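What follows is a short report on a single structure.
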Amino acid sequence: MSDQRILVTGSNGLIGSEVVSHFDALGWDVIGVDNNMRRDFFGLEGDTRWNQRRLLASCRRFQHVELDIRNRDEVLQRMEDVKPNLIVHTAAQPSHDLAAQRSFDDFDVNAGGTLNLLEATRRHCPEAVFVHMSTNKVYGDRPNTLRLVELESRWDYADAADYDGIGEHMSIDQSKHSVFGASKAAADIMVQEYGRYFGIRTCSLRGGCLTGPAHSGVELHGFLSYLVKCNLSQREYAVFGYKGKQVRDNIHAHDVACCIEAFFRAPSCGAVFNLGGGRGNSISILEAFARVEALTGVRMKWKYVNQNREGDHICYISNLSRLRKSLPGWDITRSLDRILIEIVDAWKTRIVDIRPGS
């Protein structure tokens with residue numbers, strides 16, 4: 001057995017699976033916790049068992065555990081049994097659209113599940129490092145209060161002071177979050193509190209658009225992955241408001257995993273970082289259509305819905321200054337072009353039927 005053990009929740013998902021592979025390659029013992037609830041949330045297209053099988057086949061020290069993080073007793077028992085050095089919590093209900101339909105499930109998973117893991121850590125391995133994948137939706141729609149300028153293919157910040165994006169100083173109070181954003185904000189604050197109040201080395205990473213070839217993108221969650229899937233399968237993509245010029249910054253799951261390792265090497269209590277691709281990896285929906293069409297040679301089928309999603313961001317770019325300063329040596333290594341190429345190649349080869357209507 002390795003001297004280092006990591007417990008990863010949501011290990012079948014995009015970030016969880018990348019973290020599993022990353023730390024397995026470092027020689028750690030890796031315990032992955034997942035119950036494929038993404039299929040419950042999103043149907044067959046959200047199923048992540050294929051990724052679980054891939055990890056079991058490719059990793060040397062990976063063990064899968066079927067566990068629902070809402071089950072408090074089981075979470076407490078598993079943490080007592082494993083006593084990991086690092087807990088990486090990526091399990092979540094990730095869609096703000098779905099949260100409005102299934103509010104109890106959303107809050108029980110996002111807020112309740114996080115509390116279960118934090119308390120299990122405090123009781124059974126308080127010296128461990130706890131990293132929580134939060135979201136930029138904790139800011140609600142407050143980013144939309146920044147002055148914007150409309151360009152040919154995107155919205156952008158009007159003020160030079162905002163050029164590098166949104167920093168952690170932005171308030172999360174008195175804004176419309178969506179039900180999903182509110183449940184994730186509750187979890188984010190609790191992670192901070194267990195750091196500041198109990199002295200546990202915790203971190204909330206407020207992710208922008210986390211992406212990569214292992215993403216099981218669906219309409220309600222997974223911007224670039226779902227867009228590429230629609231292009232290759234000639235499925236119609238729905239653009240919700242803002243003229244298709246809304247901007248997201250995209251970060252490859254590999255760079256997220258490297259950030260988590262960097263925090264483990266230099267942890268602190270109650271840390272908060274915005275984590276995205278930054279301006280260099282930012283793109284609007286219209287720009288993404290053009291980039292993907294150029295890669296695949298397939299025209300994008302899309303329709304415009306003249307109603308934006310509740311609490312949605314018009315332009316969101318993560319300011320990475322604080323993260324780079326706090327974790328020197330970490331930076332973005334995967335460009336947007338490389339990310340898109342990997343996603344296109346993955347959808348071309350993944351063992352799923354991507355014909356129209358599938």
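Just so you know, all these numbers are worked out from the coordinates, no wet-lab data involved. Note that this is a predicted model, so its numbers are computed, not measured. Cβ placement follows ideal geometry from the backbone for every residue including glycine, while neighbour counts extend to all protein chains displayed.
Some notes on this structure:
- DSSP bridge pairs, segment 5-349: antiparallel proportion in percent, nearest 5: 15 percent
- Additional length obtainable on full extension of the chain from residue 100 to residue 77, 0.36 nm per residue less Cα span: 5.1 nm
- Virtual spin-label span in nm between residue 290 and residue 197, 7 Å along Cα→Cβ: 5.0 nm
- For the Cα trace of segment 276-352, dividing Rg by the Kirkwood Rh returns an Rg/Rh value of 1.04.
- Cβ crowding within 10 Å, taken as a proxy for footprinting-reagent exposure, orders 108, 331 from fewest neighbours to most as 331, 108.
- By the count of other C-beta atoms within 10 Å, a proxy for reagent exposure, 127, 310 are ordered fewest to most as 127, 310.
- Annotation: amide H-H contacts under 5 Å for residue 318 (H modelled 1.01 Å from N, sequence separation of 5 or more, or interchain): 166, 249, 277, 278.
- Estimated from the Cβ-Cβ distance and a Förster radius of 41 angstrom, the FRET efficiency linking residue 50 and residue 147 is about 0.40.
- Cut-off under 5 Å, modelled amide H: who pairs with residue 65 long-range: 32, 33, 34
- Kirkwood's formula applied to the C-alpha pairs of segment 309-351 gives a hydrodynamic radius of 13.6 angstrom.
- Separation of the residue 161 and residue 123 label points, Cα + 7 Å toward Cβ, nm: 4.7 nm
- Taking 0.890 mPa s as the viscosity and 25 °C as the temperature, the Stokes-Einstein diffusion coefficient of segment 5-349 based on its alpha-carbon Kirkwood radius rounds to 122 µm²/s.
- Euclidean distance between Cα centres, segment 178-247 to segment 59-113, Å: 16 Å
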